[in-house]
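See below for the structure under consideration.
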Amino acid sequence: MKFAVLVAIVADELEEKAIDVAKQAGAGGVTMLDARGVGAKEKKTFFGLTYEGSQSVLICVLEKKLSLRVMKALTIELELARHSKGVVFTVPLDHIAGIDTRQLERFEAQIKDDL
């Protein structure tokens with residue numbers, strides 16, 4: 001079984017929706033991190049303070065085919081192709097330890113359902 005890490009960086013206001021979409025698409029669990037980003041455009045300042053906005057980084061370890069399904073669902077449901085409110089990508093995972101065996105069973109069941 002091959003695995004991938006799915007990373008979604010979304011605007012804070014989309015965090016809950018992104019988690020719901022990922023879970024509905026088959027993600028068993030999601031790790032969330034708070035983040036700030038620096039974009040290509042200069043941000044607005046107010047009395048010398050720069051407002052950067054905050055983002056959420058969502059990380060999922062998924063079976064490779066499932067990661068593509070979750071990525072597609074996030075892209076569609078969060079309208080990432082139309083709005084610049086986030087980015088989602090996958091990274092191949094060569095080695096993994098500590099994954100819950102129940103999660104492996106769920107991945108196997110999903111693969112069988114797809115066949």
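Throughout, read-outs are computed from the coordinates displayed, never taken from laboratory work. Because the structure is a prediction, the values reported are computed rather than measured. Here the Cβ is made from the backbone with ideal geometry for all residues, glycine too, and neighbour counts use every protein chain on show.
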TODO: Please arrange Ser67, Ser84, Ser56 by counting, for each residue, the other beta carbons lying within 10 Å of its beta carbon, fewest first.
DONE: Ser84, Ser56, Ser67
Task: Solvent-free Debye scattering, log10 I(q)/I(0), computed from the Cα coordinates of the chain at q = 0.12, 0.16, 0.17, 0.18 Å⁻¹ - done: -0.47, -0.75, -0.83, -0.90
Task: Cβ-based exposure ranking for Thr75, Thr101, Thr31, in which fewest neighbours within 10 Å come first - done: Thr101, Thr31, Thr75
Open item on the list: Test of understanding: ordering Asp94, Asp114, Asp12 by Cβ neighbours within 10 Å, fewest first, what list do you get?
Closed with: Asp94, Asp114, Asp12
